[in-house]
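> Below is a structure I'd like to ask you about.
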Amino acid sequence: MEEFPGRVMHSHDFRNAYQFQGQTLLVVGSSYSAEDIALQNLKYGAKRIICSYKTRPMGFKWPPEITEKPLLTKIEGKTVHFKDGTTADVDAIILCTGYYFHFPFLEERLRLKARNILYPAGMYKNVLWTEAGNNKVFYIGMQDQYYTYTMFDAQAKWTVNCITGELKLPDKEAMKKDIEKWIAKMNELKDCHDDINFQTEYLVDIAKDANYGYDLDTAQQFHDWEHHKHEDILTYRDRSHASKFTGTQSPIYHSTFMKALDDSMATFLNTKP
C-alpha cells in the first residue's frame, strides 16, 4: 500500500467525488460506505469502480461501470491483484473497511472493544457495560444499526431510568444470561432481513423496559427499503415511504438520485431543481 503511486484514503475522509472524475477506483469493503461511495463516484463521473469484498459480495444489480471482486491480495505499482487471480490498474484506492471503537479517556477495564456488530459482548441490553464499572458505565449507539436516532433515544431513556433508579437491574448472572441469549440469536442471522427483525425485536424490548410510550417497530419500511435496493441500486433512493405514525406518504424528490448533482440546502428545499 505504501508504494501505490495514486491516492489512498479512508471513507472517513471522503468528501467530494468530483476529484475522481474519469478515474478507475478500487473501493475496499462491502458495507454501506462502500456501496454509497461507489455510487457517488459513478454519479459524478468516475470511469470505473471495482469493489473488493472479504467475505461476500454486496450482490446488487450493478451497472456495467461497477464490478465486484474478491479479496485484494497484492498491490504492485498501480496494479491490484485479487484472490481469484484477476488484476486491474487503478488510479486511487478508497478504504471502506469499517472502524474500531477507541476510548482512550477511559480506564482499560471500562473500554468497549468490539467489531461493528448488532450485539457486542459484555453489554446488557446493548447499553450497560457489565465487565467492570459497578453498573455505572453506559454506551449508546455502539452496535451496527438499521434503526438509528429512534434507537439512540430509547437507549438514552433506558439509561436515565437506570441512573435514577426507576428501572431496577437484575443480578449479574441474569444479565449475563440475557446477553448470551441475544448473542446466540445474532449468530443465527442469515441475511439483512434477519438483521432487521433482530434489531426490531431488540428495540421493542428496550423501549418496553424504558416505558418509552411509542410503538417503534418500522421493520416493514426497512424490508421495503432493502427490496428496493436489490431491485435497482440506482433508483432505490427515489422511492417514497409512509410515516409510521401518521400514514402520510413522503413526497417524491424533484430529481432522481443519479441526476441530483447539487447537494446544497437551497436546491434540496426547492420544489424544482
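> How about region 226-249: which of its residues are of a type outside the set (Val, Ile, Thr) and within 16 Å of residue 61 (Cβ to Cβ)? Steps first, please.
We begin by selecting, within region 226-249, every residue of a type outside the set (Val, Ile, Thr); these are 226-232, 234, 236-245, 247, 249.
Hits for region 226-249 are 226, 227, 228, 229, 230, 231, 232, 234, 236, 237, 238, 239.
> Under 8 Å between Cβ atoms, at least 6 apart or on separate chains: pull out the pairs that start in region 103-128 with a residue that is farther than 17 Å from residue 180 by Cα and free of Cβ contacts under 8 Å to residues at least 12 places away in the same chain and end on any residue that is in a loop (DSSP other than H, G, I, E, B) and of a type in the set (Phe, Trp, Tyr).
111/101; 111/103
> Among the candidates 150, 159, 246, 200, single out the residue that is assigned to a helix (DSSP H, G or I) and either in contact with a Leu (Cβ under 6 Å, 6 or more places away or on another chain) or exposed (fewer than 15 other Cβ atoms within 10 Å of the Cβ) (or both).
Details: 159 fails: either in contact with a Leu (Cβ under 6 Å, 6 or more places away or on another chain) or exposed (fewer than 15 other Cβ atoms within 10 Å of the Cβ) (or both); 246 fails: assigned to a helix (DSSP H, G or I); 200 fails: either in contact with a Leu (Cβ under 6 Å, 6 or more places away or on another chain) or exposed (fewer than 15 other Cβ atoms within 10 Å of the Cβ) (or both).
Just one listed residue meets the conditions, 150.
> For residue 60, all conditions in the list (1) surrounded by 14 or more Cβ atoms within 10 Å (Cβ to Cβ); (2) on the phi > 0 side of the Ramachandran plot hold save one; what is the number of the exception?
Result: residue 60 passes all but (2).
> Scan 209, 217, 195 and give me the residue that is closer than 26 Å to residue 140 by Cβ, more than 23 Å from the chain's Cα centre (by Cα) and surrounded by 13 or more Cβ atoms within 10 Å (Cβ to Cβ). Talk me through it step by step, then tell me what you get.
Numbers: 217 fails: more than 23 Å from the chain's Cα centre (by Cα); 195 fails: more than 23 Å from the chain's Cα centre (by Cα).
The match here is 209.
> Then there is this: Please work out if residue 145 is assigned to a loop (DSSP other than H, G, I, E, B), closer than 19 Å to residue 212 by Cβ and either under 23 Å from the mean Cα position of the chain (by Cα) or not small (Gly, Ala, Ser) (or both).
Working: assigned to a loop (DSSP other than H, G, I, E, B): yes; closer than 19 Å to residue 212 by Cβ: yes; either under 23 Å from the mean Cα position of the chain (by Cα) or not small (Gly, Ala, Ser) (or both): yes.
Judged against the criteria, residue 145 is a match.
> Going through region 29-59 one residue at a time, which ones are modelled with pLDDT of 95 or more and aromatic (Phe, Trp, Tyr)?
44, 53
This table checks each residue for (1) farther than 30 Å from residue 20 by Cα; (2) aliphatic (A, V, I, L, M); (3) at pLDDT 95 or above.
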| position | (1), (2), (3) |
| --- | --- |
| 67 | no, no, yes |
| 91 | no, no, yes |
| 100 | no, no, no |
| 114 | yes, yes, no |
| 119 | yes, no, yes |
| 127 | yes, yes, yes |
| 130 | yes, no, yes |
| 140 | yes, yes, yes |
| 145 | no, no, no |
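> Of 85, 98, which residue is surrounded by fewer than 17 Cβ atoms within 10 Å (Cβ to Cβ), closer than 30 Å to residue 25 by Cα, within 26 Å of the chain's Cα centre (by Cα) and of a type in the set (Gly, Ala, Ser)?
Numbers: 85 fails: within 26 Å of the chain's Cα centre (by Cα).
98 is the lone residue from the list that is surrounded by fewer than 17 Cβ atoms within 10 Å (Cβ to Cβ), closer than 30 Å to residue 25 by Cα, within 26 Å of the chain's Cα centre (by Cα) and of a type in the set (Gly, Ala, Ser).
The values are calculated or read from the model by the stated rules, or taken from the named source; none is laboratory data. No experiment lies behind these values; they were computed from the predicted model shown. Backbone-built Cβ (ideal geometry, glycine too); neighbour counts: all protein chains shown.
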